[in-house]
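The values are calculated or read from the model by the stated rules, or taken from the named source; none is laboratory data. Here the structure is a predicted model, which means the values were calculated and not measured. Cβ coordinates were reconstructed from backbone atoms using ideal geometry, including for glycine residues, and neighbour counts include every protein chain displayed.
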Amino acid sequence: MTEDFLHFIWKNRLFRSNELRTTQGIPLEIESIGQPNHDAGPDFFNARIKIGDTVWAGNVEIHQRSSHWLQHGHHQDASYNNVILHVVGEADVPIRINGQDLPCLEISYPDHLRKNYETLLKAQTWVPCDQSIRLFDPIHLRMWFSALMIERLQMKTEEIQKRLEQNQNNWNETFYQLLARNFGMKTNAQPFEMLARSLPLSVLSKHKNDLFQIEALLFGQSGLLNEPLPGNDYLLVLRDEYSYLCKKYKLHPIEKRLWKFLRLRPVNFPTIRIAQLAALINRSSALFSHIIETPDIDQIRKLFDVQASEYWDNHYRFDKFSGENKPKKLGETIFHSIVINTLSPLLFLYGEHQSKPELKDRVLDFLEQLPPESNNIISGWQNLGIHPENAFETQALIQLKNTYCENKKCLNCPMGAKIIARNNKIAHGTAGQ
């Protein structure tokens, strides 16, 4: 059995605890298993173990085999000198520490625990506990949503932190780059990010009061002005303006070929999204600064209440008249996506940097006010009878599916732990194989 499984057994005290003895035959009582250590060093800190007549306080190390102590080089690492008990699945060699034999416990546990775990690992269903999860009270699952949501935000902020450092801790520039990527959704996320990186916010800010110049800069840098359309007056004047601004700021556009239009709804064409981004920057080039000072999600929505310029009322591309007169407003769907994927993780990270927990709490409050997302993962959970009520819960369920279920981390999941710890073996027809 894996070392992770032995960790699980020890952490949850699922081992057989009657008449415990070390491999040297010395009676052993476990007063405290210690605190799990997720960093380098022994697996559990500050345990209290009575060995014979002496109560020891120190650390516990867990291995499949005792010889792994040597294989992992612990005998050469001083941080393991305070280990008071070596917990193993198999004691194949004795280990000495500080010139004495290291007390060793060959752990024993009910066999149904192993069988339940193996059943989950072999499951071929959408999630390992596909059928078993239906037996749980949804309230128990929702109790874990908060931890999952925080975990998801922390994962997102790790990548944002790197970007922030690249931008010399410029929060508005970082938000602008993330926002641009979000405007591209999945299909055009990469070219939108390249566009933002090629055109610093500091340049756009110098023209924040002139929508036409902002459009010229964004469309010019996108490479989409390189269209052979001599009769298109709007494109031609944009091209002329960009030609001047490009030389002024020594800009280098990205390649037009990077943009994708196929299989997209026209409202999601990059031309429409670029025009909407221009309108947003025209409204405020320091959006993130405004967001920090705006605790109301409805007020933030007003900041994003923009639409593409008039030309786009009857166009989706430069070369095609749409035959309609429809303003291209920034819709609710993309606004919700911006709050979930850009605003929330960046504001959460800002709250950590500034030691302002109220900002982190505000993020969670925002997500609770947004409607649940609709995607394949959420549909999968709904098929299992789990119906999220808001974006907070859908984000938690996405984290659960992607991080735990997909990687069979059932040992780290409260639902998986309950299933494994059942007193009876999981039926094959229940968990699936």
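General remarks:
- Residue that is surrounded by the most Cβ atoms within 10 Å (Cβ to Cβ), among those in segment 266-306 that are within 26 Å of the chain's Cα centre (by Cα) and among the polar types (S, T, N, Q): N268
- Scope segment 244-297; condition within 16 Å of D210 (Cα to Cα) and assigned to a loop (DSSP other than H, G, I, E, B); matching residues: S284, S285, A286
- Number of positions in segment 184-196 that are without any contact (Cβ under 8 Å) to a residue 60 or more places away in the chain and within 17 Å of L245 (Cβ to Cβ): 1
- Qualifying residue in segment 2-10 (condition: modelled with pLDDT under 95, at negative phi and part of a loop (DSSP other than H, G, I, E, B)): yes
- In the set (1) in the same structural domain as G223 (by TED's automatic domain parsing); (2) in contact (Cβ under 8 Å) with a residue 24 or more places away in the chain; (3) not small (G, A, S), D296 fails one condition alone, (2).
- Matching option when the condition is acidic (D, E) and touching a residue at least 40 places away in the same chain (Cβ under 8 Å), among E90, E158, E106: E106
- Every test in (1) of a type outside the set (S, T, N, Q); (2) surrounded by 13 or more Cβ atoms within 10 Å (Cβ to Cβ); (3) in contact with a Lys or Arg (Cβ under 8 Å, 6 or more places away or on another chain) is passed by E3 save one, and that test is (3).
- Residue match in segment 160-174 (condition: out of contact with any strand residue (DSSP E or B) (no Cβ under 7 Å at 6 or more places or on another chain) and β-branched (V, I, T)): yes
- As a summary of the residue check, N182 satisfies the conditions (1) closer than 20 Å to S309 by Cβ; (2) surrounded by 15 or more Cβ atoms within 10 Å (Cβ to Cβ) except for the one numbered (1).
- Taking the numbered list (1) modelled with pLDDT of 95 or more; (2) farther than 20 Å from W144 by Cβ in turn, N325 passes all entries but (1).
- The set of residues in segment 354-364 that are loosely packed, with under 14 Cβ neighbours inside 10 Å and within 19 Å of the chain's Cα centre (by Cα) contains only D361.
- Within segment 320-334, the residues that satisfy the criterion of being assigned to a strand (DSSP E or B) and within 23 Å of N232 (Cβ to Cβ) are K320, F321.
Residue by residue, here is whether (1) without any contact (Cβ under 8 Å) to a residue 12 or more places away in the chain; (2) in a helix (DSSP H, G or I); (3) closer than 26 Å to P270 by Cβ holds:
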position	(1), (2), (3)
Y316	no, no, yes
V339	no, yes, yes
L343	no, yes, yes
F348	no, yes, no
K360	no, yes, no
L364	no, yes, no
S379	yes, yes, no
T394	no, yes, no
L397	no, yes, no
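- Scanning segment 67-76 for residues that are assigned to a loop (DSSP other than H, G, I, E, B) and exposed (fewer than 13 other Cβ atoms within 10 Å of the Cβ) yields one hit, G73.
- Neighbours by Cβ (under 7 Å, 6+ apart or cross-chain): first from segment 413-432, under 22 Å from K401 (Cβ atoms); second in a loop (DSSP other than H, G, I, E, B) and at pLDDT below 80: I419/I426
- When segment 96-110 is filtered for residues that are part of a loop (DSSP other than H, G, I, E, B) and in contact with a strand residue (DSSP E or B) (Cβ under 8 Å, 6 or more places away or on another chain), the ones remaining, listed by number, are L102, P103, I107.
- Single match in E310, E332, E368 (criterion: more than 27 Å from T174 (Cβ to Cβ), surrounded by fewer than 19 Cβ atoms within 10 Å (Cβ to Cβ) and at pLDDT 95 or above): E310
- Residues in segment 381-392 that are assigned to a loop (DSSP other than H, G, I, E, B) and not polar (S, T, N, Q) were compared, and the one that is surrounded by the most Cβ atoms within 10 Å (Cβ to Cβ) is P388.
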